[in-house]
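Computed from the coordinates by the stated procedures, all read-outs in this text should not be read as laboratory data. Please read these numbers as outputs of a predicted model, since none were measured by experiment. Here the Cβ positions follow ideal geometry from the backbone for every residue, glycine too, while neighbour counts run over all protein chains shown.
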Amino acid sequence: MTDLLQEISRRRTFAIISHPDAGKTTLTEKLLWFGGAIQVAGEVRARKASRHATSDWMELEKQRGISVTSSVMQFPYRDAIVNLLDTPGHEDFSEDTYRTLTAVDSAVMVIDSVNGVESRTIQLLKVCRMRDTPILTFINKLDREGKEPIDLLDEIESTLEMECAPMTWPIGMGKRFRGVYHLYNDSIAFFDPQAEKGTSEIIEGLNNPRLDEAIGDQAEELRMQVELVRGASHTFDKEKYLAGKQTPVFFGSGVNNFGVQSVLDALVDYAPGPLARASENRQVAPDENKFSGFVFKIQANMDPKHRDRIAFMRVCSGHFERGMKIKQVSQGKHFAVNNAITFMAQDRNTTEEAWAGDIIGIPNHGSIRLGDTFTEGEDLKFTGIPSFAPDLFRRAQIKNPLKMKQLQKGLQQLAEEGATQLFKPLASNDLILGAVGVLQFDVVAHRLEHEYAVECVFEACTWATARWLRGKDEDIKALLDKAPGNMALDGAGDYVYLAPNRVNLQMAQERHPNVKFLETREIY
Ligand code: G4P
């Protein structure tokens, strides 16, 4: 194997998806701990974006600069280099989560054994489905009285329409939780919340007399269950997992460290390395010699003392080296990158080298946009970074009209970062903000005030939904002539139809059958 191939094939780049409170933060923290990337648990928790009241959240943001979560954590584990991408816990920032999911090769889904499959998990899974992202499942909180494991598997299979292949099987739950049986290793790990890694002992074999000695009657119960489970559930099939059709399932208790290492091992053993990416022009294979990557996230104020923004770039192919000259395809500009950043669990280092699968941060002053492709020269455009039609709209009303220029600039930049969407109706001078979650408006108001020194209020407005338009020039023009009051340009200069209600939208669609009204738009 060449060095390039070797480096690439050991990368594992993934995100954790879950409903709030299922245990994503806990699992993140424990994965880092098992990976040796943090010494004491508790560090990630402190960074967790509050899912509580807006006021708490804003307070946190103020103290730490706008983004509380460190978005990327890299650490070595066994022979692998693991890149864990964090996603905001709050539903109002789901656009950010969706974009992050375009930068991973697989995902870990955390399910709370008490609550089963919850709404946000369903939503996020739909996004993973769009790209057939392989999913590994961790059923958490077995130390509590939850649903029966077999019912949980049924629930996953029916709600998420995915086969489940149990990899481990729990021995009891709640007060009677004794550990898990590994269906493929034929080993049993006993649960002990007092033990450092949550496990007091690991034994081999379901018929081992030590099992009866340790857990008494539950041993026979387990043997019967295992027989049943082996007969009634799916056998793990790596190909199906990689195709996103089957999910291997692990049981455990994150807060007690139990079951976490099996997830980490499974990521290394089964999860895919960097996958090929679609571009407008062609498929780009990770082991191509030439470097390429795309920006899936822009984060401002990571360091409140500096105004810099960090563009998070997923390396899609080849090898990046410090000082390398790369091309920002959208601008046709080349520049040498000397100050890229690699994010470890706690530290950031200047990136000396990175390979396909890695995420590097590029500091900039606003010249890099969401969705930007970078290459060594080829005019590639990676596709698939989504922007969603917002459900919430506000009109920005400035307090001091002399600051109009700053407001325009601020909103333009915040839209390019993906903090909000911006619409400029053709028939007025309004600046309309669109969002998927209401907290986005709070963030924008806060940032306009602190970064652009503009105070403004956001007023309710008549718009209820937006659609991006695609069609021949003459068809778009016909729509423009018929409904000039509904037409707007978005932050990127793309035509958008703004509708005050669904009926209006439907009528416009019926009257203009040659125009496509898109609910999602890909950012280039
Ligand atoms: P999230 O990021 O998905 O929102 O979930 P998070 O990890 O913050 O976990 C949500 C709550 O569930 C936390 O309790 C956490 O301690 C608890 N938890 C996580 N894993 C387990 C587990 O295996 N068993 C049990 N019983 N609880 C678990 P909290 O009270 O909200 O926070 P804290 O006060 O414990 O920090």
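Here the chain is assigned +1 on the Cβ of each Lys and Arg and -1 on the Cβ of each Asp and Glu. Its dipole about the Cα centre then comes out at about 1900 debye. Candidate cross-link partners of residue 472 among the lysines, defined by an alpha-carbon separation under 17 Å and a same-chain spacing of 8 or more, comprise 482, 516. Checked against a 19 Å cut-off, the cross-linked pairs 141/238; 297/405; 238/290; 333/381; 424/477 give Cα-Cα distances beyond that limit for 141/238; 297/405; 238/290.
Candidates 90, 171, 468 compared by Cα position along the dipole of the chain: farthest toward the positive end lies 468, with charges placed on Cβ. With semi-axes defined as the square roots of five times the eigenvalues of the C-alpha gyration tensor, the equivalent ellipsoid of segment 484-524 measures 19, 12, 9 Å, largest first. Compared with the dominant principal axis of the Cα atoms in the chain, helix 473-482 is inclined by about 70°. Label separation (residue 478 vs residue 278): 2.9 nm, computed from points 7 Å beyond Cα along the C-beta direction.
Sorted fewest first by neighbouring Cβ atoms within 10 angstrom, 347, 379, 92 come out as 347, 379, 92. Within segment 425-524, all pairs of alpha-carbon atoms sorted by distance into 5 Å bins from zero give the percentages 2, 11, 21, 22, 18, 12, 7, 5, 2, 0. Loop-located trypsin sites (Lys or Arg not before Pro) across segment 96-126 with a Cβ neighbour count of 12 or fewer within 10 Å are lacking, with loop assigned by DSSP.
Extension gain, residue 78 to residue 186: 0.36 nm times the residue separation minus the Cα-Cα distance gives 36.7 nm. Our note on the geometry: Cα centres of segment 397-431 and segment 1-40, 38 Å apart.
Quick one: helix 404-417 against the long Cα principal axis of the chain, what's the angle to the nearest 10°, folded into 0 to 90? The answer is roughly 30 degrees.
Expected output is a single nm value to one decimal: the length gained when fully extending between residue 212 and residue 365, i.e. 0.36 nm times separation in residues minus the C-alpha distance. What is it?
Here the answer is 48.6 nm.
Less than 5 angstrom separates the built amide H of residue 192 from those of 199, 200, all sequence-distant by 5 or more or on a different chain.
Considering all C-alpha pairs of the chain, those separated by over 41 Å amount to 26%. For the chain, the longest principal axis of the alpha carbon atoms and the long axis of helix 218-232 meet at an angle near 50°.
Loop only by DSSP, 14 or fewer other Cβ within 10 Å of the Cβ. Give me the chymotrypsin sites (Phe, Trp or Tyr not before Pro) in segment 145-250 that pass, ordered by residue number.
Counting only loop positions with at most 14 other Cβ atoms within 10 Å, the chymotrypsin sites (Phe, Trp or Tyr not before Pro) in segment 145-250 are 184.
Here, segment 190-258 has an Rg and a Dmax of 15.1, 42 Å when only alpha carbons are counted. Working note: Karplus 6.51/-1.76/1.60 with θ = phi - 60° gives segment 128-134 the couplings 4, 4, 4, 10, 6, 4, x Hz, where Gly and Pro are set to x. When the Cα convex hull of segment 216-316 is projected onto planes of every orientation, the mean area is 11.8 nm². Applying 1/(1 + (r/R0)^6) with r as the Cβ-Cβ distance of residue 118 and residue 245 and R0 = 25 angstrom yields a FRET efficiency of 0.65.
Putting +1 on Lys and Arg Cβ atoms and -1 on Asp and Glu Cβ atoms, find which of 38, 101, 231 reaches farthest to the positive end of the dipole of the chain. The listed residue farthest towards the positive side: 101.
Shown here for segment 435-514: trypsin sites (Lys or Arg not before Pro) in loop regions (DSSP other than H, G, I, E, B) with at most 12 other Cβ atoms within 10 Å, namely 472. The alpha-carbon of residue 325 sits under 20 angstrom from the alpha-carbons of these aspartates and glutamates, leaving out residues fewer than 8 places away in its chain: 287, 288, 352, 353, 358, 372, 376, 378, 379. The modelled label-to-label distance for the pair residue 200/residue 501, using points 7 Å beyond Cα in the direction of Cβ, is 6.6 nm.
Entry note, the chain: the mean residue ellipticity at 222 nm calculated from DSSP H runs of n ≥ 4, each adding -39500 (n - 2.57), is -8500 deg cm²/dmol after division by the residues and rounding to the nearest 500. Plainly put, segment 154-215 has a radius of gyration that is 1.06 times its Kirkwood radius, both from alpha-carbon atoms, as the Rg/Rh ratio.
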